[in-house]
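> The structure's right below; bear with me while I get my questions together.
The values are calculated or read from the model by the stated rules, or taken from the named source; none is laboratory data. Because the structure is a prediction, the values reported are computed rather than measured. Ideal geometry is used to build each Cβ from the backbone, glycine not excepted, and the neighbour counts take in all protein chains shown. Surface accessibility is based on the protein's heavy atoms, side chains included, excluding ligands, DNA and RNA. Shrake-Rupley method; radii C 1.70, N 1.55, O 1.52, S 1.80 Å.
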Amino acid sequence: MKANTNGLFSIYSQRVAGLLMLKGFTILKLEENKRFADKTVFVFANSPEFQQALKEVQGNDK
């Protein structure tokens, strides 16, 4: 996961991206993962609400 300087946030996990979509966040674009050609990067708009939802989703992994 990586925050961009242009107000976007990249998610590298399909599972995390799916859970964020279930919380109402939409994927703005899909990008090719430059490190792993068979993987996809999911790009969301970054906001305080998004960051809170991301913490909740990541907390479910434990």
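> Hey, among the residues in the stretch 6-18 that are assigned to a helix (DSSP H, G or I) and touching a residue at least 24 places away in the same chain (Cβ under 8 Å), which one's surrounded by the fewest Cβ atoms within 10 Å (Cβ to Cβ)?
Filtering the stretch 6-18 for residues assigned to a helix (DSSP H, G or I) gives 14-18.
Adding the requirement that they be touching a residue at least 24 places away in the same chain (Cβ under 8 Å) leaves 14, 16-17.
Values: 14: 11, 16: 17, 17: 21.
Here the answer is 14.
> Kindly indicate whether any position in the stretch 19-30 is open to solvent by less than 30 Å² (accessible area, probe 1.4 Å) and among the small types (Gly, Ala, Ser).
Initial filter on the stretch 19-30 (open to solvent by less than 30 Å² (accessible area, probe 1.4 Å)): 20.
So of that shortlist, the ones also among the small types (Gly, Ala, Ser) come out as none.
Among the residues of the stretch 19-30, not one is open to solvent by less than 30 Å² (accessible area, probe 1.4 Å) and among the small types (Gly, Ala, Ser), which makes the answer no.
> How many residues are under 13 Å from residue 23 (Cβ atoms) and either open to solvent by 90 Å² or more (accessible area, probe 1.4 Å) or not hydrophobic (A, V, I, L, M, F, W, C) (or both) when one looks only at the stretch 34-58?
Total meeting the criteria: 7.
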